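Encoded as structure tokens, the structure appears first; notes follow it.
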Amino acid sequence: VQRLISYSEKMSIAGKLATGIAHEIRNPLTSLKGFLQLLQSGVKEKDVYFDIMVEEIKKMEAITSELLYISKPISNNIQKEESIITMLLEVIELLRPEAKLKNIIIELDTEKAENIHIKGNKSEIKQVFINIIKNAIEAMDNQGTIHIIVSVICDEVRIDVIDEGIGIDDDQIQRLEEAFFTTKENGTGLGLVICKEIITRHQGTITYFQNKDKGSTFRIILPLLKR
Ligand code: ADP
Ligand code: MG
């Protein structure tokens with residue numbers, strides 16, 4: 001039953017995304033075609049055109065790799081008992097170089113939640129943490145701290161990723177879960193769509209809000225493994 005649900009859910013996001021995907025790929029293709037035709041006609045500023053063409057290709061590359069992630073074979077989708085703290089530590093290690101480049105410190109606070117487990121797919125849950133923490137890094141200027149606070153509330157675990165970034169204004173907050181909505185030059189706008197799909201499939205929720213002082217908080221809640 002688990003497999004059937006995952007499969008049909010995956011197909012349903014693929015369906016919802018289809019029109020967007022077509023546009024997102026067609027626009028760079030159209031622009032590539034235009035530049036190739038210009039180059040064929042023997043224009044001078046070739047380097048500028050090549051730079052733009054590489055950027056357009058990178059955009060399509062990023063979109064297709066995220067889509068491949070969504071449509072990954074379901075055989076990789078086995079759910080096991082996994083430690084939240086271990087997964088977070090692995091993801092933080094992975095993102096540390098990127099954070100360090102911007103002088104950003106990532107702090108993990110697990111005081112209220114030691115040795116907790118969920119039932120889930122490790123690579124998928126890690127993908128969610130990667131997307132959320134990467135977004136936090138990207139939202140921040142040089143310097144600052146990202147606090148990740150893990151706490152247990154009744155039979156659920158709550159993971160708060162609190163950044164000191166630009167925050168999300170009221171207009172944006174409505175659109176964050178929209179496929180292809182991005183405010184970044186090289187963004188795909190698929191990260192949060194994928195996060196939401198994965199967390200929903202794990203019977204969890206993902207919410208976000210503006211912090212009182214600075215930046216925003218992305219909150220993931222997942223059911224704890226019952227023993
Ligand atoms: P991408 O990162 O490719 O833009 P996402 O789906 O991950 O796509 O995020 C969509 C948009 O949500 C981002 O472009 C950004 O505007 C906004 N966003 C996401 N996380 C944050 C954050 N921590 N702070 C501010 N804005 C954010
Ligand atoms: Mg992102």
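Readers should treat all values here as calculations from the given coordinates under stated rules, not as data from a laboratory. What you are looking at is a predicted structure, and each value in this text was computed from that prediction instead of being measured. As a convention, Cβ positions derive from the backbone with ideal geometry for all residues, glycine included, and neighbour counts pool all protein chains shown.
How big is region 117-201 along each principal axis, measuring the range of its Cα positions in Å and listing the largest first?
Projected onto the principal axes, the Cα atoms of region 117-201 cover 37, 28, 24 Å.
At 4 °C and 1.567 mPa s, what whole-number value in µm²/s does Stokes-Einstein give for the translational diffusion of region 76-177, with Rh from the Kirkwood sum over Cα pairs?
Working: Rh = 14.6 Å.
Translational diffusion coefficient: 89 µm²/s.
Between region 163-227 and region 123-148, what's the alpha-carbon centroid distance in Å?
11
Take region 49-128, drop everything but the C-alpha atoms, weight them equally and run the Debye formula without solvent; then report log10 I(q)/I(0) at 0.14, 0.22 Å⁻¹ to two decimals.
Cα-only, vacuum Debye calculation for region 49-128: -0.72, -1.07.
Report the Cα-based extents of the chain along its three principal axes, largest first, to the nearest Å.
69, 46, 32
Can you tally the net charge around L89? Count Lys and Arg as +1, Asp and Glu as -1, for every other residue whose Cβ sits under 11 Å from the Cβ of L89. All intermediate terms of the calculation are to be shown ahead of the outcome.
Details: positive: R96, K126; negative: E90, E93.
Result for the neighbourhood of L89: 0.
With n ≥ 4 as the cut-off for DSSP H runs, can you work out [θ] at 222 nm for the chain, using -39500 (n - 2.57) per run divided by the number of residues, rounded to the nearest 500?
Details: 6 runs with 115 residues, N = 227.
That comes out to -17500 deg cm²/dmol.
How big is the charge dipole of the chain about its Cα centre, in debye rounded to the nearest 20, if each Lys and Arg gets +1 on its Cβ and each Asp and Glu gets -1 on its Cβ?
Taking the Cα centre of the chain as origin, the dipole is about 820 debye.
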